[in-house]
1. From the residues in region 171-192 that are among the aromatic types (Phe, Trp, Tyr) and part of a helix (DSSP H, G or I), which one is nearest to PHE225 (Cα to Cα)?
2. When you go through (1) modelled with pLDDT of 90 or more; (2) outside any loop (DSSP other than H, G, I, E, B); (3) surrounded by 16 or more Cβ atoms within 10 Å (Cβ to Cβ) one by one for ALA258, which number turns out not to apply?
3. Go through region 14-29 and give me each residue that's in contact with a Leu (Cβ under 8 Å, 6 or more places away or on another chain) and touching a residue at least 60 places away in the same chain (Cβ under 8 Å).
4. Out of all the residues in region 1-27, which are surrounded by fewer than 16 Cβ atoms within 10 Å (Cβ to Cβ), of a type outside the set (Lys, Arg) and within 18 Å of PRO282 (Cα to Cα)?
5. Here's a check for you: in region 193-209, which residue that is out of contact with any helix residue (DSSP H, G or I) (no Cβ under 6 Å at 6 or more places or on another chain) and assigned to a helix (DSSP H, G or I) is nearest to PHE244 (Cα to Cα)?
6. Residue under question is MET36, and the condition is that it be in contact with a Phe, Trp or Tyr (Cβ under 6 Å, 6 or more places away or on another chain), at pLDDT 95 or above and closer than 17 Å to LEU281 by Cα; does it hold?
7. How many residues does region 44-86 contain that are within 13 Å of ALA125 (Cβ to Cβ) and hydroxyl-bearing (Ser, Thr, Tyr)?
8. If a residue must be out of contact with any strand residue (DSSP E or B) (no Cβ under 6 Å at 6 or more places or on another chain) and in a loop (DSSP other than H, G, I, E, B), how many such residues does region 281-307 contain?
Amino acid sequence: MIIDVFNHFYPRECLKALPRPLPRMVARITSTMPAMTDLGFRIRQMDKFGIDVQVLSLGVPTLDNLDVSVRSYPRIIKASNDGISRLAETSRGRFKAVATVSLVNVGEAVEELERSVKDLGLLGAQIPSNVRGKPLDSPEFEPFFARASQLGCGIWIHPVHMGKTYDWMNDEYNMNMMLGWGIDSALAMFRIFRGGVLERHPDLTIVTHHMGTLMPLMAARINRFVIGQGKNGKAPAPLTKSPFEYMRMFYVDTAEGAWNPALVLSHGFYGTDHVLFGTDLPWGDTPGIIENIRALSVPDEEKEMILGGNARRLFRIGDT
């Protein structure tokens, strides 16, 4: 069984709930990429590449990047989660799905996470790599991670714009999406482990996009520098594991796996158990990713773990 754990779709309930005219990003994506809205097209693509199950998440993981009123968040989020859940339920096993929540209001996010997992049967929730510039280890987000740990569900982290880091990143060369997103994913992962989120909740299952981005490349430097300095000049909080151990607690998808050196590096750092097949459909190179996974210098059973076995184990996909 091949299971794609990280790809994107807009259920019609989400599009109906969004304001009119549609936010520019959503309008562009839905008008140019049929896989984002057309289930028939998507299933034909899955069959073409031999993908048995896709785990769907919204194409824009946070409303904060859109020109949408905060007051409308609960309505849009509820409609989106209801829609993506209904789609999964009626798909005869071809689709599973994760919820969308907004950490702008943590109390509402916790309630929606619980509703989505317990009532809608979703596998967990997708959150952004920062919340309007706030890092994910901010104390106000602790109730969300605590509840996710208690529920035993997954957390998918999707990169978003880096806010006001560099003004020119927003408009020049598409640098925010091209490079900024990867940097922000790495920053989110670092803050989660160094800020103690994984120390407090070691059972969290966190799936990150784009093969962990900079983390496997910079792991030795992070390990060397992370212990000596704390936050805002304070003494560093103690950790009971080594930095390498925390970094390897994340699960990473293969969305950059069409570039073989990146796949080999990420797999070498995280190990077979923590790499999950994910394509970033409709953006990713699905056949290229599959080809490079098949070409890894590991036993065939490990390749099958990456392609689907790990997802089945973590999220009980395919269980009856």
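The values are calculated or read from the model by the stated rules, or taken from the named source; none is laboratory data. Keep in mind that what you see is a predicted model, and the values were worked out from it rather than measured. In this analysis, Cβ positions are derived from the backbone assuming ideal geometry, glycine residues included, and neighbour counts consider all displayed protein chains.
1. Across region 171-192, the extreme among qualifying residues is PHE190.
2. It is condition (2) that ALA258 fails.
3. CYS14
4. Matches in region 1-27: MET25, ALA27.
5. The extreme case among them is ARG194.
6. The answer is yes for MET36.
7. Final tally of qualifying residues: 4.
8. Matching residues across region 281-307 total 9.
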